[in-house]
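Notes follow once the structure below has been shown.
Nothing in this text is a laboratory measurement; each read-out follows from the coordinates by a stated rule. None of these values were measured; they are calculated from a predicted model. All Cβ positions, even for glycine, are placed from backbone atoms using ideal geometry, and neighbour counts span all protein chains on display.
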Amino acid sequence: MVGGGVIGTMHAYLALKAGLEVIHVERDSIPSSASVRNFGLVWVSGREAGAELDLAIRARQLWGEIGSEASIGFRPNGSLTIAQTDSEFAVMQEAAAMDDAVLRGFRILHKREVQELEPLLGGNFIGGLQCTTDAAVEPNLLLSGLRNEMSKNARYEWRPDFDVVNFAHSDTGNHIVDANGEKLSADFLALCPGAAHAGFLSEYFQEAPIRKVFLQMGATAPIAEKLGHSIADADSMRYYPAFKNLSLDQLPPQSKLAKEHHMQLLLAPRFDGSFTIGDTHLYEEPFSHEIIEEPYEHLTNVISNIFGQKFKIAKRWSGIYSQSTSSDIYFRREVAPGAVIVTGAGGRGNTLSPAIAEETITSWAL
């Protein structure tokens, strides 16, 4: 398996469970790209009805199973999307009446009911949409936790600092070569490069329906009070396909800043008492290296309105993920018998990763 992010690591994990001998390579000493820069959300609530939601439901089942096996900080904590105006609450009521609302675990809550679940939310809001199928993991524990669990099996080998520069297929199988000239061979090969669209795989990405997305995120300073649910604001409904047929035009207009940066509030509580918060989205390359402060000011204002208190941002960072631009849920391409490229699940990659890996393993007809 090539790639130490969540997609590549899930391929390794499920291939090992399927009885394969697994060599798992990663170009860096420690994976440091999108998989460790995200919220750690398993976000079933926003997935599009049909095949994407079906895949998310299967992924959620797998997350529960994997979370009981490996120390990844998995918790079925659910989410609350908060309505701060009557019009936002009306759109959430529409969501709770969708045909698949029960499958998603949707339930409308008024402010008092929200605060019974989460007393920390003491701000000015009307109510919210609860999703009981949403869950969370700890990004700083996820990949190492999965590798630690796999390392208990003698059929697993972890190879960091293995920078693949060439791939080939022959009668004897699939072969990769690193920058030092070392060659590894296997019957089955999953190439999971994340946003690394250049390099030895660049020919397969030419004219492909895939793009990179730049985002900014942050983390608040830890607090003593505990928050169970992950939190979103109503702006998030603009960006998730689950809600595309609702009366989104009735939502209050976004600010110029929020619209320019395609912003929403997502907030995930961490074990240390901090909150991971975000995010922004930029789609046009080349991306700037600069971290812009205004989006963080916007996010902290939204948070203070919901919580009724100010939170200090202690850390800021940016990231880039790979996203499919077609109707496909993610990008998959078979490049040789038993060899497949898998990427492009950005924005839903953490959520769907175990089910995406399962599709690959199943396709190999072991």
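Over the stretch 291-332, all Cα pairs binned in 10 Å intervals from 0 give whole-percent P(r) values of 22, 32, 21, 23, 2, listed from short to long.
Ordered from longest to shortest, the equivalent ellipsoid semi-axes for the stretch 1-149 are 34, 17, 13 Å, each the square root of 5 times a Cα gyration tensor eigenvalue. Projected onto their three principal axes, the Cα atoms of the stretch 114-242 cover extents of 64, 41, 27 Å, largest first. Where the alpha-carbon atoms of the chain are placed on the principal axes, they occupy 65, 40, 40 Å, in descending order. Quick one: Debye curve from the alpha-carbon atoms of the stretch 253-319 only, equal weights, vacuum; give me log10 I(q)/I(0) at q = 0.22, 0.23, 0.27 Å⁻¹ to two decimals. Calculated log10 I(q)/I(0) at the listed q: -1.05, -1.13, -1.42. Diagonalising the gyration tensor over the Cα atoms of the stretch 63-156 and scaling each eigenvalue by 5 before taking the square root yields semi-axes of 35, 15, 9 Å, largest first. Principal-axis analysis of the Cα atoms of the chain puts helix 51-69 at an angle of about 80° to the longest axis. Run a plain Debye calculation on the stretch 35-117 (Cα atoms as equal point scatterers, no solvent) and give log10 I(q)/I(0) at q = 0.11, 0.15, 0.18 Å⁻¹, rounded to two decimals, same order as the q list. Debye intensities relative to I(0), on a log10 scale: -0.38, -0.68, -0.93. Angle of helix 294-307 to the longest C-alpha principal axis of the chain, folded into 0 to 90 degrees and rounded to 10: 60°.
Between ALA97 and GLN309, the modelled labels are 3.7 nm apart [label points 7 Å from Cα along Cα→Cβ]. Helix 349-363 axis versus longest C-alpha principal axis of the chain: approximately 40°, rounded to the nearest ten. Neighbour counts of C-beta atoms inside 10 Å place SER363, SER87, SER29 in the sequence SER29, SER363, SER87, starting with the fewest. Translational diffusion coefficient of the stretch 315-366 (Stokes-Einstein, Kirkwood radius from Cα pairs, 25 °C, 0.890 mPa s): 200 µm²/s. Annotation: extensible slack from TRP364 through ILE292 equals 21.4 nm (criterion: 0.36 nm per residue apart, minus Cα-Cα distance). As a ratio to 2.2 N^0.38 Å, the alpha-carbon radius of gyration computed for the stretch 213-334 takes the value 1.14. If you take the alpha carbon atoms of the stretch 186-239 and fit the smallest convex hull around them, that volume is 234 Å³ per residue.
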